[in-house]
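> Below: one structure in structure tokens.
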Amino acid sequence: MPSAQDSSCLTLRKMPQFSLGDVIPLHLATVTFPDPHPLSGQTGEVFAFALRHETGLLLYETGIGCGNERLDSYYQVVPRPIGAELEAYGHHIDDVRLVVNSHLHFDHCGNNMKFPGVPIYVQASEYEAAQQPDYTVPEWVDFEGAEYAIVDGDTQVASGVRVMSTPGHTPGHQSLVIDTPEGTVALAGQAIYSKAEYERIRTTGAAPEDDPPPNPAEYLASASRLIELEPRRVYFSHDRAVWNANH
Ligand SMILES: [Zn+2]
């Protein structure tokens, strides 16, 4: 039987002060996939997401950085500055108080250096993987003033906001799960590549065939974890399409 203290804790539990509309997609770049990429010739988009949280602005992903000539020409990168994107929504880059990277490939951590002194949440296995040659652009990960918050597995990072370990695309991939009064919002990152793929896995359980993930078994298990959340809305880092429940 719960004590009086227990029940008062329940009644006093604070609901998040943010809603579905406080999750803001930021379009940070367009790329064109080169030969011999499986998606050769197609364009891809790079998104980050800001959350207007009661404690300040949280950021998931930081997109592609600038000035790497090899990447710029190989992927024909058309960048959209993150500061300008935030300004378009009435926010300033200095408002960001916490950053989460889904993983440390160059198109997800490229603007980390714009956040010295801000905690950047990364899985331990991802940070370790990023030390390998050719995994990422090392100077976009390790920069003066970098303050990585290294975590291991599912971890709450702010009230109503937690990272969920979703390996498969990379060893230490993580998604962001946000509890709003209107339902759960999942920022999948690249745990699931697109809305169409989310729908396909949800209805058939089948792994993608056109662009297979590095670790298909882990990828499917991670996708299943996200689907089992029964989210109200799901965003993807490389697809502007958004999955909504009941649509
Ligand atoms: Zn990646």
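The values are calculated or read from the model by the stated rules, or taken from the named source; none is laboratory data. All values reported here derive from a predicted model rather than from experimental measurement. For neighbour counting, all protein chains shown are included, and Cβ atoms are generated from backbone atoms with ideal geometry for every residue, glycine included.
> Could you check segment 190-206 and list, in sequence order, the residues that are within 14 Å of the ligand (Cβ to nearest atom) and out of contact with any helix residue (DSSP H, G or I) (no Cβ under 7 Å at 6 or more places or on another chain)? I'd like the intermediate steps shown before the answer.
Narrowing segment 190-206 to residues within 14 Å of the ligand (Cβ to nearest atom): 190-194.
If the condition is that a residue be within 14 Å of the ligand (Cβ to nearest atom) and out of contact with any helix residue (DSSP H, G or I) (no Cβ under 7 Å at 6 or more places or on another chain), then GLN190, TYR193, SER194 are the ones that fit.
> Which of the residues belonging to segment 87-106 are of a type outside the set (Asp, Glu), exposed (fewer than 15 other Cβ atoms within 10 Å of the Cβ) and either free of Cβ contacts under 8 Å to residues at least 24 places away in the same chain or within 16 Å of the ligand (Cβ to nearest atom) (or both)? Walk me through how you get there before you give the answer.
From segment 87-106, those of a type outside the set (Asp, Glu) are 88-93, 96-106; that's our starting set.
Now restrict to residues that are exposed (fewer than 15 other Cβ atoms within 10 Å of the Cβ): 88-90, 92.
Answer for segment 87-106, where residues must be of a type outside the set (Asp, Glu), exposed (fewer than 15 other Cβ atoms within 10 Å of the Cβ) and either free of Cβ contacts under 8 Å to residues at least 24 places away in the same chain or within 16 Å of the ligand (Cβ to nearest atom) (or both): ALA88, GLY90, HIS92.
> Kindly list the number of the only condition in (1) modelled with pLDDT under 95; (2) within 16 Å of the ligand (Cβ to nearest atom); (3) more than 20 Å from THR166 (Cβ to Cβ) that fails for GLY110.
All conditions pass for GLY110, except number (1).
> Return the only residue of GLY205, GLY183 being touching a Pro at 6+ places or on another chain (Cβ under 9 Å) and at positive phi. Please lay out each step first, then the result.
Values: GLY205 fails: touching a Pro at 6+ places or on another chain (Cβ under 9 Å).
After ruling out the rest, the residue left standing is GLY183.
> Which residues, taken from segment 113-144, are more than 16 Å from the ligand (Cβ to nearest atom) and closer than 20 Å to GLY56 by Cα?
Within segment 113-144, MET113, LYS114, PHE115, PRO116, GLY117, VAL118, PRO119, ILE120, TYR121 meet the criteria.
> Let me ask something else about it. Of the residues that sit in segment 55-84 and are under 19 Å from PHE18 (Cβ atoms) and at pLDDT 95 or above, which one is nearest to the ligand (Cβ to nearest atom)?
Residue satisfying both the conditions and the ranking: GLU61.
> Are there any pairs, at least 6 apart or on different chains, whose C-beta atoms fall under 6 Å, with the first in segment 107-133 and of a type in the set (D, E, K, R) and the second within 15 Å of the ligand (Cβ to nearest atom), and if so, which?
Within 6 Å, the pairs are ASP107/VAL46; ASP107/ILE64; GLU126/HIS103; GLU126/LEU104; GLU126/GLY172.
> Residue by residue through segment 164-189, note down the ones that are within 16 Å of the ligand (Cβ to nearest atom) and under 10 Å from the mean Cα position of the chain (by Cα).
HIS173, GLN174, SER175, LEU176, LEU187, ALA188, GLY189
> Moving on. Scan segment 220-247 for residues that are aromatic (Phe, Trp, Tyr) and touching a residue at least 60 places away in the same chain (Cβ under 8 Å) and jot them down.
TYR235, PHE236
> Next up: Residues of segment 64-99 being touching a Gly at 6+ places or on another chain (Cβ under 9 Å) and assigned to a strand (DSSP E or B), which ones?
Hits for segment 64-99 are PRO79, VAL96, ARG97, LEU98.
> Return a yes/no flag: does segment 223-231 have any residue that is farther than 19 Å from LEU51 by Cα and within 16 Å of the ligand (Cβ to nearest atom).
yes
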